[in-house]
1. Counting residues that are modelled with pLDDT under 90 and not aliphatic (A, V, I, L, M), which strands (runs of 3 or more DSSP E) fully inside the range 564-663 reach at least 3?
2. Inspect all residues belonging to the range 415-428 and state whether any of them is modelled with pLDDT under 90 and in a helix (DSSP H, G or I).
3. Name the one entry in Glu483, Glu538 that is under 30 Å from Asn70 (Cα atoms) and charged (D, E, K, R).
4. Within the range 429-461, can you find the residues that are of a type in the set (A, V, I, L, M) and in contact with a helix residue (DSSP H, G or I) (Cβ under 6 Å, 6 or more places away or on another chain)?
5. Just name the residue that is nearest to Val434 (Cα to Cα) out of those in the range 376-421 that are small (Gly, Ala, Ser) and surrounded by 15 or more Cβ atoms within 10 Å (Cβ to Cβ).
6. What number of residues within the range 128-169 are among the small types (Gly, Ala, Ser) and either modelled with pLDDT of 85 or more or under 14 Å from the mean Cα position of the chain (by Cα) (or both)?
7. Quick check on Val468: is it over 24 Å from the mean Cα position of the chain (by Cα) and not in a helix (DSSP H, G or I)?
8. Looking at Glu412, Glu435, which one is farther than 30 Å from Phe493 by Cα and not β-branched (Val, Ile, Thr)?
Amino acid sequence: MEMGTKLNGRYKITGTVGGGGMAHVYLAHDLILDRDVAVKVLRYDFRDDQDTIRRFKREALAATELVHPNIVSVYDIGEENNNQYIVMEYVKGMDLKKYIHANFPIPYQKVTDIMNQVLSAVNAAHHNRIIHRDLKPQNILIDESGVVKITDFGIAVALSQTSITQTNSLLGSVHYLSPEQARGGMATNQSDVYSLGIILYELLTGHVPFDGESAVSIALKHFQETVPSVKKYDQRIPQALENVVLKATAKEVADRYTSVYEMQNDLTSALSADRRDEPKYTPSSMMETTKVLEPIPVAGIISKGEAKTKGNQQSDSKQLKNNTKSDEVQMKKNKRRKVLLWILLALSLLSVGVFFIIANSAPKDVNVPNITDMTENEATKVLSEKKLLLGKITKEANNEIEEGHIIRSKPEMGLSVKENTPIDIVLSSGEKTVEFLDYTGKSYEEVRVELSEQNFTVKREDQSNDTVDSGLIISQDINENEEVNPKDTTVTFTVSTGQAGFEMRDLIGYSEKSVRDYVNDNGLNGTIIKEYSNEVAEGQVLSQNPAKGTVLYGGADISVVISQGPEAILAKTVSKKIAVSYEESEETNSSGNSDESKESQLIPNSITIYIEDQEHNLGTVYQQFEISEDTEIELDFVLQEGEKGRYKIVRDGETIEEDEVTP
């Protein structure tokens, strides 16, 4: 687009800012509001793609709903000469990619400050059900004051759904692509979380974690390789800060932060001394779950032993009968007695043995140990030493027991149970949480009192709004129905200050038409007064009320005084009578003969009069005549009040009188 082109007769193109996969961005000047803006114009090769145009408009409209200090504002959308365009806030500064190159290494506190602003913006977008899908440093701007602003919200949807591939844009985005997007899956809020983790990685190390010769090779690394440790490049990075990177960039969605808000909360305390000894984060999907096998009960021992005993008894009886047949009767009796005694003794010994076998194989009674406030692994070890099993595990909120530690067991501590009895445990899920409500449209002061009583920390950010009354909540940074712990939760409400105000412009020197245009453009009630002025030219503003810089709102009254120029002073005619004397002189005439008589004749005086008044200049002749005798003349002077006139009388080239005349 050529420089000087005007879109809609309002946005004059003055320069170029950059470009992306589907649009060019130009610097323009808003001729109505007198401000610089950025204009994003759809690329030429997309102009005939109706699906892309439709998505471009839809996503642009969605972006206008995102009102957040860290999101680039969208002012206007339109079309002219088949050019689809979006008018946005112009951020004077640089993108985050250039900022990293120019300022690396970046202090950890500055890193967390930048990320907190980015996370706050993305969280607001997710709250409005908008997924960015293309988060990368090139889409994050930092102005000269250090304020971070994200751009291109929603535009990535159109690019991802079109069949046209822009190689340069893809190469720029694939470094921050989530594994599920790289596989061709649908993007979710947690896809943005992954991209944010890669951006945090780049802020800490100065480069992206994965690189390659093609977009495909880089995409493969995203779902095949683990993100390298940031401590490999800088050992001073706190483990808690690295853990934020590891959890945000986990390959499995289940291991990542469930929301941007959760990631922001974790990042906020990453530099805290309380987390100095935090262990390295390990995704749960990488850990094998230990399975406890149930012991196989011993069965059939007693019955087998009894069967064996009976078999031995029968065998011994038969043997005894065979032996007695060859002995004498007495010997038979004696031997029979001895055999019977031995049989009785054997049976007794066998019975004692069977008793001990049964006694030793039966489960013993044990007391349930105290496993309160232990972790699951610690409790499993203690129960195993008592030959008890870990049973059913349930979770319950608790304000006293640390999350992941045991609140109580069932059966309770000290009760007697048999060995191998399963002991059920209740784990603490942390402090009790509540579902956060939707407070938009409600009075901030009432909500603040209510939440403060519940131990929430409540903060306020003011923002003007033409549709929401002053003092009512426009938005909140915690989603409705989100489970939160009041004691550890800070909620920030955006509160309406009513209609947007603006500063009164300096109108001194404006023309009447310019004043009327300013009044109409800003919805003001204007009163114009006209007065004479010797200092300000006719038709220009002499004074204004209210003064320059006063904050005004639509419908406010203003008045201006416009100069009529100097006030005309009525002139009057002043007459003055002056006596002009005649000076005699003679002239001699001759006939030419020596004898001819001579005769004398009077010569007239030439009189010239000059005057100075409203209509005449002293350097210009006012009257001229001749006199041959003393003559009285009357001069008329046109003079204003307080003004003096002058006159001069010249006789035959000699000034004979000069004086002033007053009204």
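1. 586-589, 599-602
2. No: the range 415-428 contains no residue that is modelled with pLDDT under 90 and in a helix (DSSP H, G or I).
3. Answer to the check: Glu483.
4. Selection gives Val458 alone.
5. In the first step, residues of the range 376-421 are kept if they are small (Gly, Ala, Ser); the result is 379, 384, 391, 397, 404, 409, 414, 416.
Applying the additional criterion that residues be surrounded by 15 or more Cβ atoms within 10 Å (Cβ to Cβ) yields 379, 391, 397, 409.
Details: Ala379: 29, Gly391: 29, Ala397: 11, Ser409: 25 Å.
In this case the residue turns out to be Ala397.
6. Keep residues of the range 128-169 that are among the small types (Gly, Ala, Ser), which gives 145-146, 154, 156, 158, 160, 163, 169.
If we keep only those that are either modelled with pLDDT of 85 or more or under 14 Å from the mean Cα position of the chain (by Cα) (or both) too, we end up with 145-146.
Count: 2.
7. Spelling it out, it is not the case that Val468 is over 24 Å from the mean Cα position of the chain (by Cα) and not in a helix (DSSP H, G or I).
8. Glu412
The values are calculated or read from the model by the stated rules, or taken from the named source; none is laboratory data. Predicted model only: the values in this text are computed from it and were never measured. FYI the Cβ positions are ideal-geometry reconstructions off the backbone, even for glycines, and counts take in every protein chain you see.
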